[in-house]
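Here is the structure we will look at.
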Amino acid sequence: MGKLRAQNQVLKKGVVDEQANSAALKEQLKMKDQSLRKLQQEMDSLTFRNLQLAKRVELLQDELALSEPRGKKNKKSGESSSQLSQEQKSVFDEDLQKKIEENERLHIQFFEADEQHKHVEAELRSRLATLEMEAAQHQAVVDGLTRKYMETIEKLQNDKAKLEVKSQTLEKEAKECRLRTEECQLQLKNLHEDLSSRLEESLSIISEKVPFNDTKYSQYNALNVPVHNRRHQLKMRDIAGQALAFVQDLVKGLLNFHTYTEQRIQIFPVDSAIDTISPLNQKFSQYLHENASYVRPLEEGMLHLFESITEDTVTVLETTVKLKTFSEHLTSYICFLRKILPYQLKSLEEECEASLCTSALRARNLELSQDMKKMTAVFEKLQTYIGLLALPSTEPDGLLRTNYSSVLTHVGAALHGFHDVMKDISKHYSQKATIEHELPTATQKLITTNDCILSSVVALTNGAGKIASFFSNNVDYFVASLSYGPKTASGFISPLSAECMLQYKKKAAAYMKALRKPLLESVPYEEALANRRVLLSSTESREGLAQQVQQSLEKISKLEQEKEHWMLEAQLAKIKLEKENQRTADKLKSTSSGQAVGVAQEGATVVTAAGQEDASAKAVPVPVHSTSLIGILTRTSDSEAPDVESREDLIRNHYMARIVELTSQLQLADSKSVHFYAECRALSKRLALAEKSKEALAEEMKVASQNNSRLQDELTTTKRSYEDQLSMMSDHLCSMNETLSKQREEIDTLKMSSKGNSKKNKSR
């Protein structure tokens, strides 16, 4: 269904694109009509201009005809004026001639442009008609396909209903099978309990009555895991790394030696660039060209052997399986040496038969032929001993354990023999190269090739010497390391037992690693589920109380700061009051003596005002009748002072009560807000838990949908019959797209040509 929908969408897009293209073509046609109308307007303006010019020419001609008789009468007086009129006439004639020519040219261009525009318009109309026909055909195809798709959808829905019924029946069968499996599991559990009890009884009897010694038989003893010697493994890996480096140098030298030998055959004794070489040398060159396919595997085999020696394995001859692959690669290289040896000897004989070959050069060639035979023999000997060392890892009885040391000794002797042979080859080839350089026919190419061969031989000699000394230095360690294995026995009996031992070693290491992990204390699952909601609610209440305490502490600190501030303000007010009282007393003392009674009364009122917090009226002022202004004022202040004090007390008490009421309301609102915040946090946590449960249910729904999709996949078998039709439709659509692309290209070219024509018309 997905493929059908995708292809239906593709077809719809193609139809929409075709409709857009047809609309664009219609717009282009409109633009062409507009440009044609503009050109017609320009043509009308040009014709009107031409008529104006023709009328002007007629007027000028009439004026000229009228001026001619007048000129005849006044020839003598108007000779100068006649000359001017003739000059003007000639100028007007030229201008008229130019205008006529320009008008003719414009008429011709306009006619050509009009014809071309009509031709282009006809072509565009025909193409538009064809495109509309194709769009109609495509729409018909799309309609037919949609009908087919709807039919297929109905069929698939019917199949889906059938499969749903089938799935319900299968679910019923699955439920029955589950019941059966539960019964079988109960039976299996009972049998397991019975067998385990019997096994415990039998094991207790065996442990008490039948002692067992696993070292009695060597076959079983070989399966025991030996003590891990990390130092030995690191030493073996280091030795294998050094051997890999030496083998890489040796491989590089052999590649250079064979390659430069091939180059020498191409230029000596006959240069292939001048004349054809002999068929023998051609065959020899062909074989030498294949040297990399035989030499490179030696390095790869040694690399695999090095990678197989790790810190976790037990490295003995029975476990070094990769040594067999290295031995096989060495065998293939020896076959290559045997194949090229006769051709090499014949090539040296051909050089000896050359006319320019001297007796000294012939002797060197014979020595080199003997050296090549020795080199092949040394490699064969080395391969024989390495093949023997590889036998314990593949064949149990291929090599006895007592012969390991002698085989290793022979390997060291073979490496020293290889070094000696390479020294002889280097010596004889250097002599041969010096003799050939003195020949009159020696070319620079031959000299450089001989130098390259000599350098590769020297590199091989050095590499062989390093390998021989390295092996002789470590042969004692190799012999001693062969006893690294199961104790009190002859060692590993077979490669299979060695492989089993390595598997047991890995299992034992994994078991020890698992034992080293500390076990974490855990809460039972049921208890954790039961206490989960309690823990969440307790953490919520604890967090809410902690926030309330923190907010109350902040409020207390703010109130203490405000208290200190108002205490300081009260102290400042008292100080100001005392200063004011002192100042008024000083003023009263400085007045006249006749006002002493008034001063005393004023001082009494001041004292009473200062001590109003302790006693409201300790000293009642005696009314004294005085007619002075100060006395009147003092009497007035004495009478109004209690009213002012009482008013201030009332205002202060009112505001203090109001402040206390507002603070209590504020505290109540804060406590309610904190309580509501804690409830909101708890509700959010519950909502998160509900979301998690919702996710779990969604996962279950996914599993159910997967089962449904698995059932729907069975429907795909019914769609195979429609794939051929869809492929044909896709091919048809591809062809339609190609035709549409071609039509677009043609339309683009027409656009370009119409733009060029419009530009030309504008320039006109």
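Please report, to two decimal places, log10 I(q)/I(0) for the stretch 202-355 at q = 0.10, 0.13, 0.17 Å⁻¹ as given by the Debye formula with identical point scatterers on the Cα atoms and no solvent. Evaluating at q = 0.10, 0.13, 0.17 Å⁻¹ gives log10 I(q)/I(0) of -0.59, -0.77, -0.99.
Which of the peptides 22-32, 549-559, 374-384 is most tightly packed, and how do the rest follow, judged by the mean count of other Cβ atoms within 10 Å per residue? Don't skip to the end; give the middle numbers.
Details: 22-32: 13.8, 549-559: 11.3, 374-384: 17.8.
Averaged packing, sorted descending, gives the order 374-384, 22-32, 549-559.
Protection proxy ranking, highest mean first, for peptides 151-162, 275-286, 569-580: 275-286, 151-162, 569-580, where packing is the per-residue count of other beta-carbon atoms within 10 Å, averaged. Projected onto their three principal axes, the Cα atoms of the stretch 427-484 cover extents of 64, 16, 10 Å, largest first.
Given their separation in residues at 0.36 nm each and the Cα-Cα distance between them, Ser552 and Lys175 gain 129.5 nm when the chain is fully extended.
Provide Tyr504, Tyr287, Tyr655 ordered by accessible surface of protein heavy atoms (probe 1.4 Å), highest first. It would help to have the intermediate numbers written out before the result.
Values: Tyr504 95, Tyr287 40, Tyr655 135 Å².
Descending order: Tyr655, Tyr504, Tyr287.
Quarter the surface of the alpha carbon convex hull of the stretch 106-246 and you get the mean projected area, 33.2 square nanometres. With N the number of residues in the stretch 295-368, Rg(Cα) / (2.2 N^0.38 Å) evaluates to 1.83.
Rank these residues by their accessible area, most exposed first, probe 1.4 Å: Cys335, Cys357.
Ranked list, largest accessible area first: Cys335, Cys357.
Compared with the direct C-alpha span, the chain from Leu188 to Glu134 gains 12.0 nm at full extension, assuming 0.36 nm per residue. Calculated on the Cα set of the stretch 224-286, radius of gyration then Dmax: 22.8, 72 Å.
Where in the stretch 242-320 are there GluC sites (Glu not before Pro) that are in a DSSP coil and have at most 16 other Cβ atoms within 10 angstrom of their Cβ? Intermediate values should be presented prior to the final figure.
Values: sites: Glu262, Glu290, Glu299, Glu300, Glu307, Glu311, Glu318; in loops: Glu290, Glu311, Glu318.
When the GluC sites (Glu not before Pro) of the stretch 242-320 are filtered for loop state and at most 16 Cβ neighbours within 10 Å, Glu290, Glu311 remain.
Residue by residue, the stretch 415-421 carries 3J(HN,Hα) couplings of 5, 5, x, 4, 5, 5, 4 Hz when phi is fed to the Karplus relation 6.51 cos²θ - 1.76 cosθ + 1.60 (θ = phi - 60°); x denotes Gly or Pro.
Please list, short to long, the whole-number percent of alpha-carbon pairs of the stretch 288-442 in consecutive 5 angstrom bins beginning at zero. Answer for the stretch 288-442: a P(r) of 1, 9, 13, 16, 16, 13, 10, 8, 6, 4, 3, 1, 0, 0 percent. When the alpha carbon coordinates of the stretch 256-334 are projected onto the principal axes, the ranges are 62, 17, 13 Å, largest first. Sorted from longest to shortest, the spans of the Cα atoms of the stretch 397-469 along the three principal axes equal 61, 22, 15 Å.
The values are calculated or read from the model by the stated rules, or taken from the named source; none is laboratory data. The shown structure was predicted, so the numbers you read here are calculated from the model rather than taken from an experiment. Cβ sites come from the backbone with ideal geometry, for glycine too, and all protein chains shown count toward neighbours. Please note that ligands, DNA and RNA were not included when accessible areas were found on the heavy atoms of the full protein model with its side chains. Shrake-Rupley method; radii C 1.70, N 1.55, O 1.52, S 1.80 Å.
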